[in-house]
Amino acid sequence: MAILEVNNLRKKFDNTEILKGISFNMEKGQTLSIIGSSGSGKTTLLRCLNFLETPDAGTITVNGNLLFDGAVGHKKGEDLREKRLHFGMVFQQFNLFPQYTALENVILAPKLEGKDKDIEQIRENGKILLDKMGLSDRLNNYPHQLSGGQQQRVAIARALALQPDILCFDEPTSALDPELTGEVLKVIRELADNHTTMIIVTHEIGFAKDVSDEIIFMDGGVIAEQGTPAQVIDNPANERTRQFLSNYNG
Ligand SMILES: Nc1ncnc2c1ncn2[C@@H]1O[C@H](COP(=O)(O)OP(=O)(O)OP(=O)(O)O)[C@@H](O)[C@H]1O
Ligand SMILES: [Mg+2]
């Protein structure tokens, strides 16, 4: 069974349709990368999946549970927090809480969520996650004391702390200096090797090709092409995909 089923998702802003009927499935443990030119709707799609935006139409199903049905919309006053927990989100700009240390950033949501009442256990889990991100010596540093690459790795640990079904990244390295990009791509690659289910919006085409099971090329609010990296990147069938990729190779 697919872990995620997205069917005919549509989203308008100010009467302009930005997502024009997006449908795809993904399997548990897979890495899906979404590529496409600026303005094609990649961020809007991720924000709809995380319910940071409400789609106008379509359905979102996770593990067989219908989380969103455009025919019904969200019920008035409905608490979206629980639905959001299915998705973790890592943003381009890290979005850490500046007043909290690395460890506090990671454990804040699990503490508030209160699933695990044992604060020591929550702290222990947070330390384990930061250790996996190569940050065991940075637990008590504040965001301003960390490099961009370190901050982004804290943000990844924070997203993992709530054990989402699907971890989403929106251009996780594009705010980083080139020499810091590698350390973030390395931890994402490790997550992929460990079969973390991930959707990665990225302009790092070479990385997407290496790390992904599946690639979606978005163009003008639709999925113009979808397939394995060998299909979409090495042998694109669609003229728009070819044009887009030639800008990277040329
Ligand atoms: N809140 C909003 N209100 C109005 N228009 C919006 C809003 N958010 C996005 N848009 C528009 O939707 C279109 C798609 O934007 P989106 O951010 O999803 O593109 P993208 O593929 O992520 O681009 P990029 O590669 O530059 O990040 C753009 O034309 C953008 O201006
Ligand atoms: Mg974007």
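Determine whether E179 is modelled with pLDDT under 95, more than 16 Å from ligand 1 (Cβ to nearest atom) and either farther than 28 Å from L85 by Cα or touching a Pro at 6+ places or on another chain (Cβ under 7 Å) (or both). Yes; evaluated as a whole, the condition is true for this residue. Annotation: N7 fulfils all but one of (1) within 16 Å of ligand 2 (Cβ to nearest atom); (2) more than 18 Å from the chain's Cα centre (by Cα); (3) of a type outside the set (S, T, Y); the unmet one is (1). The condition of being assigned to a strand (DSSP E or B) and either modelled with pLDDT of 95 or more or under 23 Å from V62 (Cβ atoms) (or both) holds for only one of Q226, Q150, that being Q226. Scanning segment 83-124 for residues that are part of a helix (DSSP H, G or I) and of a type in the set (S, T, N, Q) yields N105, Q121. Among the residues of segment 70-83, those that are farther than 18 Å from N25 by Cβ and either surrounded by 10 or more Cβ atoms within 10 Å (Cβ to Cβ) or not β-branched (V, I, T) (or both) comprise A71, G73, H74, K75, K76, G77, E78, D79, L80, R81, E82, K83. Evaluate the following for F217: is it in contact with a Phe, Trp or Tyr (Cβ under 8 Å, 6 or more places away or on another chain), within 16 Å of ligand 2 (Cβ to nearest atom), of a type in the set (A, V, I, L, M, F, W, C) and not in a loop (DSSP other than H, G, I, E, B)? Criteria met by F217. When segment 155-175 is filtered for residues that are within 16 Å of ligand 1 (Cβ to nearest atom) and either buried (at least 21 other Cβ atoms within 10 Å of the Cβ) or closer than 14 Å to I34 by Cβ (or both), the ones remaining, listed by number, are C168, F169, D170, E171, P172, T173, S174. Residues in segment 19-40 that are surrounded by 19 or more Cβ atoms within 10 Å (Cβ to Cβ), of a type in the set (S, T, N, Q) and near ligand 2 (Cβ under 10 Å from one of its atoms): S40 alone.
Before we move on, is T196 touching a residue at least 24 places away in the same chain (Cβ under 8 Å) and surrounded by fewer than 20 Cβ atoms within 10 Å (Cβ to Cβ)? The answer is yes for T196. Within segment 41-69, can you find the residues that are hydrophobic (A, V, I, L, M, F, W, C), within 16 Å of ligand 2 (Cβ to nearest atom) and open to solvent by less than 20 Å² (accessible area, probe 1.4 Å)? Result: L45, L46, C48, L49. Of D165, D219, all but one fail to be closer than 30 Å to G114 by Cβ, touching a strand residue (DSSP E or B) at 6+ places or on another chain (Cβ under 9 Å) and among the charged types (D, E, K, R); the exception is D165.
The values are calculated or read from the model by the stated rules, or taken from the named source; none is laboratory data. As the structure is a computational prediction, the values presented were derived from the model and not from experiment. With ideal geometry, Cβ positions are generated from the backbone for all residues, glycine too; neighbour counts draw on all protein chains shown. Protein only, heavy atoms only, side chains kept; ligands, DNA and RNA dropped before computing areas. Shrake-Rupley method; radii C 1.70, N 1.55, O 1.52, S 1.80 Å.
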